[in-house]
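Colleague: Dropping the structure in here first, questions after.
Only the coordinates and a few stated rules stand behind these numbers; no lab work does. All of these numbers come straight from a predicted model, not from anything done at the bench. Positions of Cβ are generated from backbone atoms using ideal geometry, with glycine treated the same way; all protein chains shown enter the neighbour counts.
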Amino acid sequence: MPDTYVLIHGAWHTGAELEAAARHIREAGHTVHCPTLAGNRPDDDRSKTTLGDAITSAVHFIEQRQLTDVRLVGHSYGGMVISGVADRIANRLKRLVYVNAFVPLPGECLNDMVPPHYVGMFDAIAAAHHNSVMLPFEIWREAFINDADLDLAQSSYARLNAHPYATFTDKINLARPLAEVALGKSYVNCQQDTALPHSMTWHPRLSERLGLFRLVECPGSHEIWFSDPAQIAKAIIMAGRD
Amino acid sequence: MPDTYVLIHGAWHTGAELEAAARHIREAGHTVHCPTLAGNRPDDDRSKTTLGDAITSAVHFIEQRQLTDVRLVGHSYGGMVISGVADRIANRLKRLVYVNAFVPLPGECLNDMVPPHYVGMFDAIAAAHHNSVMLPFEIWREAFINDADLDLAQSSYARLNAHPYATFTDKINLARPLAEVALGKSYVNCQQDTALPHSMTWHPRLSERLGLFRLVECPGSHEIWFSDPAQIAKAIIMAGRD
Amino acid sequence: MPDTYVLIHGAWHTGAELEAAARHIREAGHTVHCPTLAGNRPDDDRSKTTLGDAITSAVHFIEQRQLTDVRLVGHSYGGMVISGVADRIANRLKRLVYVNAFVPLPGECLNDMVPPHYVGMFDAIAAAHHNSVMLPFEIWREAFINDADLDLAQSSYARLNAHPYATFTDKINLARPLAEVALGKSYVNCQQDTALPHSMTWHPRLSERLGLFRLVECPGSHEIWFSDPAQIAKAIIMAGRD
């Protein structure tokens, strides 16, 4: 039976960057949507978009299409967003799938889960750019897309968009910890993902905040969407199915 | 030269659930036995079987067949049993192979190595079921057989049998720590095994209690016996050979 | 465009043991050198060779051939050596690639990064052998080349040479921490490498001393040079490219 997937992109991305993986999931017979969040669309004001705006834009996307039994997948920063969506419209969801994604406690912001040297760097970038942030290429190439060659590292970097920094510093409003949310939960861990250093990494540090969850792992970097979309699609299907 | 393997199953299993992997090991030219431990046979009294009973049943199996140079493999709870067997008939053994298995210190029980929330859950189940325990399906599906589809998760769950809880709470009697036992030792770690949470996991937390040991890893869940028997057979051969 | 690689072997090895992997890197179009360090050549005096001697021999190798833009790869103890080379001739290097290799802080010796039980064992061996050390076969077979069969474990062990122990106890002279060295940096982690126990292991404990670095991982033991040279060659190319 076909399932309905909604893929929520990470910071600096839009839904378009997830389309290569989405195509593989569709080929397995499922319906897949890749919305772009408020704050990452061309005309959005990066200086003003809040985390609440981004969450609301995902809620509206699901409600306007009257989607139900959604397998809601969030990558990286997208974990903040799907956590907020689950808090508001759990009745439309079947399962949450975090893909190397942030799992906030109630009242946490994304920066609370990030090493201090990254927070300091982004603070400085945001202060100089009307509270929007970009990722320096060198960090992208070495720590985010370490499994790609230089050509792909460069061409993928060229597709990124400036990101509204308030979405990293706004504390999330959640009625209860994710561990108490009555939905299926999965965590996909790409094993060479060093967007967070492995001494302070995604899994199990953040994944275990989900309470009972299903672990799926695959080889790949944080940006496997570019370097191996077939692999991440397969992992998402293993994570998203009943 | 063909080797002799004895595979000791985990809690809720019998030897029959290990037969699919055993067939692959036999195809590589070896002799493989899959006994069912006391406490997991159809007519055993789950309310009365002790850890000592289970260990004794494995010792008798090996002695009655006069097996020697045995590569003794234990899965999960089976690690308690092979540790006890090694304490009693090391002279019949060549190597111990722990497959995501418990490695007790002298005087420890299985529950001493398990997260408190599992112990609390099993205490409650045992109190309501004459000191026998089953595993809730939701935990089986998400944390034990996370690499299977729902059909296999259900059909494998249907094969489990109630387990005598005293074998989790009885302290093991060992003359010396496993690190001091003069046998070859290996640890097979299935990398997506979340039967124990990865913040408190099998390897290296328990494996390093073996002292000098050989690590073999493969992709798979705690219940790879069902989801990929060829893979676990290959890992066991790499772990069990000289 | 072809790149220039220099592969620096670990303790007990010579460059010859890296030739199988080097051939695969050459087949991908690159130039590869595998020098043997001072202290590991047939006529070297194992009782007198210092860490500085080994570093100097690698510096001379690169300078005498006037190599530039070198991708300098160090395995295990070779990490000490490439760290020292980078301190002296960074201008000839493009990138440092540590393959399950030691990353010293300024003033550290190799033994500072090794578990106490290994240091004690080597101290005793060195005291009895004019300050040279060999590795007991049992440790080699179980913890260093755990992915090989017994024949390969034995034939590879037969190729090892006694190692000058001063190179393990000499403190390294570095002008700055590796994290501050302005070169590309990569770390290759063979996932079943238990030459260091996984509770005190290579990555991320030592890799993160590099500051921003590129992680590449592959299945394999510490001695993947023997057990799967094609695999380690592929990982080195992913780690060494721009």
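Colleague: Sorted from shortest, what are the nm distances separating the label point of A:H60 from equivalent points in the other copies, each placed 7 Å from Cα along Cα to C-beta?
Modeller: 7.3, 7.3
Colleague: Shape call for chain C from the C-alpha gyration tensor, a ≥ b ≥ c root eigenvalues: rounded (a/c under 1.5), prolate (a/b greater than b/c) or oblate?
Modeller: rounded
Colleague: Could you tell me the calculated FRET efficiency between C:H60 and A:I139, based on Cβ-Cβ distance and R0 = 51 angstrom, to the nearest 0.05?
Modeller: On the way: r = 36 Å, r/R0 = 0.70.
Approximately 0.90, to the nearest 0.05.
Colleague: Given a cut-off of 18 Å, what percent of all Cα-Cα pairs of region C:22-96 lie beyond it? Present the calculation step by step, with values, prior to reporting the outcome.
Modeller: Details: 1120 of 2775 pairs.
Percent of Cα pairs beyond 18 Å in region C:22-96: 40.
Colleague: Dividing the Cα convex hull volume of region C:145-235 by residue count, how many Å³ per residue is that?
Modeller: Residue-normalised Cα hull volume stands at 127 Å³.
Colleague: Label the protein assembly as shown by shape, choosing from rounded, prolate and oblate, from the square roots a ≥ b ≥ c of the eigenvalues of the Cα gyration tensor; if a/c is under 1.5 it is rounded, and otherwise prolate applies when a/b is larger than b/c, oblate when it is not. Show your work: numbers first, answer last.
Modeller: Working: a/c = 1.98, a/b = 1.00, b/c = 1.98.
Here the protein assembly as shown falls in the oblate category.
Colleague: Taking 45 Å as R0, compute the FRET efficiency from the Cβ-Cβ separation of A:L212 and C:A128 and round it to 0.05. Let's see the in-between values first.
Modeller: Numbers: r = 55 Å, r/R0 = 1.22.
Approximately 0.25, to the nearest 0.05.
Colleague: Hey, quick one: spin label on A:D69, modelled 7 Å out along Cα-Cβ, who in region A:177-218 has an amide N within reach, i.e. under 16 Å?
Modeller: Within reach of a label on A:D69, which here means backbone N under 16 Å from a point 7 Å along Cα→Cβ, region A:177-218 contributes A:184.
Colleague: To the nearest 0.05, how large is the calculated FRET efficiency for A:L105 and C:M200 if R₀ is 35 Å and r is the Cβ-Cβ distance?
Modeller: Numbers: r = 30 Å, r/R0 = 0.87.
Given R0 = 35 Å and the Cβ-Cβ separation, E is 0.70.
Colleague: Something else about it: What spacing in nm lies between the two simple spin-label points modelled at C:A230 and B:V119, each 7 Å away from Cα in the Cβ direction?
Modeller: Reported label-point gap for C:A230 and B:V119 is 4.9 nm.
Colleague: Mind jotting down the distance between the C-alpha centroids of region A:45-84 and region A:196-214, whole Å?
Modeller: Cα centroid of region A:196-214 versus Cα centroid of region A:45-84: 21 Å apart.
Colleague: Ordered by residue, what ³J(HN,Hα) values in Hz, to whole numbers, does region C:191-208 give under the Karplus form 6.51 cos²θ - 1.76 cosθ + 1.60, where θ = phi - 60° and Gly and Pro are x?
Modeller: Ordered by residue, 3J(HN,Hα) equals 5, 9, 6, 10, 4, 9, x, 5, 7, 8, 9, 5, 10, x, 3, 9, 4, 6 Hz.
Colleague: Within chain A, which complete DSSP H helices have Cα atoms spanning at least 15 Å along the helix axis and a mean Kyte-Doolittle hydropathy of 0.0 or higher?
Modeller: Details: long enough: A:51-64 (20 Å, 0.56); A:78-89 (16 Å, 0.93); A:116-128 (18 Å, 0.82); A:229-240 (16 Å, 1.10).
The answer, listed by residue number, is A:51-64, A:78-89, A:116-128, A:229-240.
Colleague: Here's another thing I want to ask about it. Would you kindly state how much longer the chain becomes between A:M1 and A:R26 on full extension, computed as 0.36 nm times their sequence separation minus their alpha carbon distance, in nm to one decimal? If you can, show how the numbers build up before the last one.
Modeller: Numbers: separation 25, 0.36 × 25 = 9.00 nm, distance 1.24 nm.
Fully extending the segment from A:M1 to A:R26 adds 7.8 nm.
Colleague: While we're looking at this one, here's another question. Treat each spin label as a single point 7 Å out from the Cα along the C-beta direction, and report the C:A158 to B:N91 distance in nm.
Modeller: 3.5 nm
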